[in-house]
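Notes follow once the structure below has been shown.
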Amino acid sequence: PPIIKLKNVYKAYVNGQLSQPVLFDISLDIGAGEFVAIVGPSGNGKSTLLNLLTGIDRPSQGEVTVCGSSLHQLNEEQLSLWRGANVGIVFQFFQLLPSLNLLQNIILPMDFAAKKSRRQRVERARYLLDLVGLSDQAQQLPSQVSGGQQQRAAIARALANDPQLIVADEPTGNLDAETADAVFALFSRLNRQGKTLVMVTHNEGLAESASRRIAIHSGRIHYDRQDDQETP
Ligand code: ADP
Ligand code: ADP
């Protein structure tokens, strides 16, 4: 079965009397191990789509099933437990906690999951810092390292609970080209190691290295192209 299934999903943001429709009748399957780039112009619903996949937001209509759970059947508390166990999220502006060093930032999601001993959490955090090339920065605060290093730390944090799915919203949007390439290489490596990746990006080079590109225009799927097949 697909790791992500959207069935006839609509989303409108309601503010008082005003309803602003953002997504229209999106149906979509994403298989385990895929690397999907969501592309398209600004303000067309890409982030909204991503927020539905992570349960950060709920659809107005339709069903969203991710990592075996029908998200509409979960209450907020169940959703946050589900998210912690199944999804790693990477943001454009990193969103590391400024008062914690990089090591502590990576330990935090494991504290919430409460599945490992303190020692195991520290060990895994050190392993992940090494994986993203930040062993020497473990004790630094986010403000003391570069943007690219902050983003690599944020990716390590997303991996803390070993999620099947990694979701990223413009993860290189705030990085220079060279740093963006390094961050992207890291995502590609994670995908080769079996992680499912869904990423919103404006970076065409990055989108090209995904195995599937889904364009969202005006809240609808404009195209959905896989490397080995083309469906206009
Ligand atoms: P994209 O990611 O393609 O730039 P978004 O999904 O962020 O697009 O936004 C699509 C539309 O939905 C925009 O018009 C945006 O202003 C609106 N929107 C997004 N989030 C909210 C929200 N929480 N409340 C109201 N409107 C929103
Ligand atoms: P993006 O670069 O992803 O399009 P935006 O700057 O459009 O990001 O939106 C950033 C955040 O603000 C998102 O969480 C989005 O849901 C929210 N947002 C965007 N537009 C609106 C809006 N009109 N009203 C309320 N929240 C919004």
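Please give the FRET efficiency for S188 paired with N15, using the beta carbon to beta carbon distance and R0 = 35 Å, rounded to the nearest 0.05. For S188 and N15, the calculated efficiency is 0.35. With a Förster radius of 22 Å applied to the beta-carbon distance between R220 and R58, the computed FRET efficiency rounds to 0.70. Along its three principal directions, the equivalent ellipsoid of region 77-145 from the Cα gyration tensor extends over semi-axes of 21, 16, 11 Å, largest first.
What does the convex hull of the Cα atoms come to per residue for region 1-139, in Å³?
Spread over its residues, the Cα hull of region 1-139 gives 159 Å³ apiece.
Normalised size of region 188-232, defined as Cα radius of gyration per 2.2 N^0.38 Å with N residues, equals 1.21. Taking GluC sites (Glu not before Pro) across region 16-113, none is in a DSSP loop with at most 13 further Cβ atoms lying within 10 angstrom of its Cβ.
Bridging of K46 to lysines at a Cα separation below 24 Å is possible for K5, K7, K11, K195, once same-chain residues fewer than 8 apart are set aside. With θ taken as phi - 60° and the Karplus curve 6.51 cos²θ - 1.76 cosθ + 1.60 applied, the whole-hertz 3J(HN,Hα) list for region 99-114 is 8, 9, 6, 4, 4, 5, 4, 7, 6, 3, x, 6, 4, 5, 6, 6 Hz, x standing for glycine and proline. Cross-link partners for K116 among the lysines, with Cα-Cα distance under 20 Å and sequence neighbours closer than 8 places in the same chain left out, do not exist in this structure.
Surface exposure of the chain, expressed per residue as accessible area with a 1.4 Å probe, stands at 49 Å².
Normalised by residue number, the volume inside the convex hull of the Cα atoms of the chain is 134 Å³ per residue. Considering all C-alpha pairs of region 129-175, those separated by over 12 Å amount to 63%.
If one puts a single equal scatterer on every Cα of region 1-60 and applies the Debye formula without solvent, what log₁₀ I(q)/I(0) results at q = 0.16, 0.17, 0.24, 0.28 Å⁻¹? Evaluating at q = 0.16, 0.17, 0.24, 0.28 Å⁻¹ gives log10 I(q)/I(0) of -0.54, -0.61, -1.11, -1.36.
Under the Kirkwood approximation for Rh and a Cα-based Rg, what ratio Rg/Rh is obtained for region 35-96?
Details: Rg = 12.4 Å, Rh = 12.9 Å.
With Rg and the Kirkwood Rh in hand, the quotient comes to 0.97.
Largest first, the three principal axis extents of the alpha carbons in region 115-232 are 51, 32, 24 Å in whole numbers.
Length gained on full extension, F93 to L81: 2.0 nm, using 0.36 nm per residue less the C-alpha separation. Between E34 and L197, the built amide H atoms are under 5 Å apart, and every one of these is 5 or more places off in sequence or on another chain.
With the charge dipole of region 179-232 set up from +1 on Lys and Arg Cβ and -1 on Asp and Glu Cβ about the Cα centre, the Cα lying farthest toward the positive end among the listed residues I214, V198, Q226 is that of V198.
In debye to the nearest 20, how big a dipole does the chain give about its Cα centre with +1 on each Lys and Arg Cβ and -1 on each Asp and Glu Cβ?
The calculated dipole for the chain is roughly 720 debye.
Over the residues of the chain, the helix contribution to mean residue ellipticity at 222 nm works out to -10500 deg cm²/dmol, using -39500 (n - 2.57) for each DSSP H run of at least 4.
The values are calculated or read from the model by the stated rules, or taken from the named source; none is laboratory data. Since we're looking at a predicted model, the values are computed, not measured. Using ideal geometry, Cβ is built from the backbone for each residue, glycine included, and neighbour counts are taken over all protein chains shown. Areas reflect the complete protein model, heavy atoms only, side chains present, ligands, DNA and RNA absent. Shrake-Rupley method; radii C 1.70, N 1.55, O 1.52, S 1.80 Å.
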